[in-house]
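> Take this structure first; my questions come after.
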Amino acid sequence: MSSVLPGVASGVARAAEQAAQASPQEVVTQVAQETLEELDRHRAEYRQDPRRLRELVDRIMLPHFDTQYAAQLVLAKHWRSATPAQRERFIEAFYQSMLQSYGEALLEFTPDRLRILSHQGKPDDRVTTVRSEVRRDDGSRVPVNYSLRKTAQGWKAFDVQIEGVSYVKSLRTDFGAEIEQKGLEAVIERLESQVSSGAEKEKSAASAPPAPRS
């Protein structure tokens, strides 16, 4: 065992170094390929047990998504007045609610629908955009762009724009109005309750017997 551990640690260190050196386009391409390949192999299992899909996202996508920065942008001025505990709770509830909202859509996604376009960024950029196109069922293509920022751990995504509409900006407007009306604590509690309810539904779905094949 003692001879194995240094090898494992070395492998982890090399993987972290490679991630830190990857270009923005390489990060988006790698995450998309790994996620879609895994979905193709186990799509039926993920449909049966949504909790496994969450584990997949945690393992492949989360390391390359800057959840804290995204949450900070969404809260805007309310981030400054939030307590450290409220910030942590909002980050967690915000991330989990995104998973529940878009997990089902992710299951319908296939590799042939995605085309990542050539990246036009500069070497000294600290923030950049990787553009892609997603094909609809009718054959039309929708522009989907990813905003990334350079961190000590490499490039990390923090926003997605679909047909020019920023996910972060839309949520900032929605959450901002709700916070002004009800307060930040009430919004966090609503998100936590929503996530908890969704988790119970996922648990029930996972324990239900598979639907009979026709």
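> Looking at (1) under 16 Å from GLN68 (Cβ atoms); (2) in a helix (DSSP H, G or I), which is the only condition GLY176 fails?
That leaves (1) as the condition not met.
> Considering only residues that are assigned to a strand (DSSP E or B) and of a type in the set (D, E, K, R), look in segment 131-173 and name the one that is surrounded by the fewest Cβ atoms within 10 Å (Cβ to Cβ). Explain how you work it out, then say what you get.
First pass over segment 131-173, keeping only residues assigned to a strand (DSSP E or B): 131-135, 141-151, 154-162, 165-166.
Right, trim to of a type in the set (D, E, K, R) and you get 131, 133, 135, 141, 149-150, 156, 159.
Values: ARG131: 17, GLU133: 15, ARG135: 14, ARG141: 12, ARG149: 16, LYS150: 15, LYS156: 22, ASP159: 22.
Looking at the filtered set, the residue picked out is ARG141.
> Here's something else I'd like to know. So which residues in segment 87-136 are hydroxyl-bearing (Ser, Thr, Tyr), in contact (Cβ under 8 Å) with a residue 12 or more places away in the chain and within 18 Å of THR35 (Cα to Cα)?
Listed by number, the residues that qualify are TYR95, THR110, SER132.
> Anything in segment 72-124 that is more than 30 Å from LEU184 (Cα to Cα), in contact with a helix residue (DSSP H, G or I) (Cβ under 8 Å, 6 or more places away or on another chain) and part of a loop (DSSP other than H, G, I, E, B)? List them, or say none.
PHE109, THR110, SER118, HIS119, GLY121
> Continuing with this model, one more query. Among the residues of segment 4-63, write down those that are modelled with pLDDT under 90 and closer than 28 Å to LYS122 by Cα.
Of everything in segment 4-63, those that are modelled with pLDDT under 90 and closer than 28 Å to LYS122 by Cα turn out to be ALA13, ARG14, ALA15, ALA16, GLU17, GLN18, ALA19, ALA20, GLN21.
The values are calculated or read from the model by the stated rules, or taken from the named source; none is laboratory data. Since we're looking at a predicted model, the values are computed, not measured. Note: ideal-geometry Cβ built from the backbone for every residue, glycine included; neighbour counts use all protein chains shown.
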